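J.: After the structure tokens below, expect a handful of questions from me.
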Amino acid sequence: MEDAILYAKKYLEDLLSFFGLNTDVYATNDEDVIELNIPSTHLNGFLIGQRGDTMRSLQFIVSNALKNNNYEFTRVNVDVADYKKQRAERLAEVAQEWFAAVKKSGKPMDLQPMNAADRRIVHKVAAESGLSTGSVGEGRDRHIVLKPTDFATDEAGGTEEVAEETPTSEEK
């Protein structure tokens, strides 16, 4: 793992130097993922790209370089100036509003399509909030459906509300 981390770090630093950015990349690992953090610079907007597209492209390039050199660990996560961390926090805050709406209405809610990383964040935060989730669709149209926990699937494949039992006056 250490060799793969050092290779990925050096590869990304060399790639950044082509853009005239000579900076140290901070490299760590989380389970089987190599975490590469680029500190804040004057090129943040360029390196992040529109909705993180350039960052994901950098991940893809570094990951393929690891694969092509036969490293065992090839999953890479690139973050520029903690952009992903801050985005995850903002998404979790917005998701809390969605969860409240689902709990209040008691009905499932379809979210807008989002990338896999954002869906993973919503799934995790929903589970912590006591909601069940599912991903529906293919490719760019893949999105999350938030479901309250008091919904069960019937035999026809639809959903029906499961009534909560309220204690009678004798049971109180």
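J.: For a quick check, take a GNM of the chain with Cα springs below 10 Å and name the residue from ALA126, ALA100, ALA88 with the largest mean-square fluctuation.
T.: ALA100
J.: Relative contact order of the chain: what whole-number percent is it, with Cα pairs under 8 angstrom and at least 6 residues apart?
T.: In percent, rounded to a whole number, it is 15.
J.: Between THR74 and residues 5 or more places away or on another chain, which pairs have amide H atoms under 5 Å apart, with H built 1.01 Å from N, and which residues are they?
T.: Under 5 Å from the amide H of THR74 lies no amide H from a residue far enough along the sequence or on another chain.
J.: Write down, largest first, the equivalent ellipsoid semi-axes of the chain in whole Å, where each equals the square root of 5 times an eigenvalue of the alpha-carbon gyration tensor.
T.: Output for the chain: semi-axes of 42, 17, 15 Å.
J.: If I model a spin label at ASP53 and GLU97 as a point 7 Å from the Cα along the Cα→Cβ vector, what separation in nanometres do I get?
T.: The modelled label-to-label distance comes out at 2.6 nm.
J.: Full-extension gain between LYS67 and PHE46, please, as 0.36 nm times their residue separation minus the C-alpha to C-alpha distance.
T.: 5.0 nm
J.: If you take the beta carbon distance between GLU138 and LEU15 as r and set R0 to 25 Å, what does 1/(1 + (r/R0)^6) give as a FRET efficiency, to the nearest 0.05?
T.: 0.20
J.: Of the lysine pairs in the chain, how many meet both conditions: Cα atoms under 27 Å apart, and a spacing of 8 or more in sequence or different chains?
T.: The result is 22.
J.: Hey, fewest Cβ within 10 Å first, where do HIS42, HIS143 land in order?
T.: HIS42, HIS143
J.: Name the shape class, rounded, prolate or oblate, that the alpha-carbon gyration tensor gives for region 2-81, where a ≥ b ≥ c are the square roots of its eigenvalues, rounded holds for a/c under 1.5, and otherwise prolate holds if a/b is larger than b/c and oblate otherwise.
T.: Taking the square roots of the gyration eigenvalues as a ≥ b ≥ c, region 2-81 is prolate.
J.: Ok, one more. Pull up all non-local amide H partners of VAL80: gap of 5 or more, or a different chain, and H-to-H distance under 5 Å with H placed in the peptide plane.
T.: Here the answer is ILE38, since their amide H atoms fall under 5 Å of that of VAL80.
J.: Quickly estimate the mean residue ellipticity at 222 nm for the chain, helices only: each DSSP H run with n ≥ 4 gives -39500 (n - 2.57), and the total goes over all residues, rounded to 500.
T.: -14000 deg cm²/dmol
Each value in this text was obtained by applying a stated rule to the coordinates, not by laboratory testing. All figures in this text were calculated on a predicted structure; none of them were measured in a lab. Don't worry about glycine lacking a Cβ; one is built from the backbone with ideal geometry, like all the others, and counts go over all protein chains shown.
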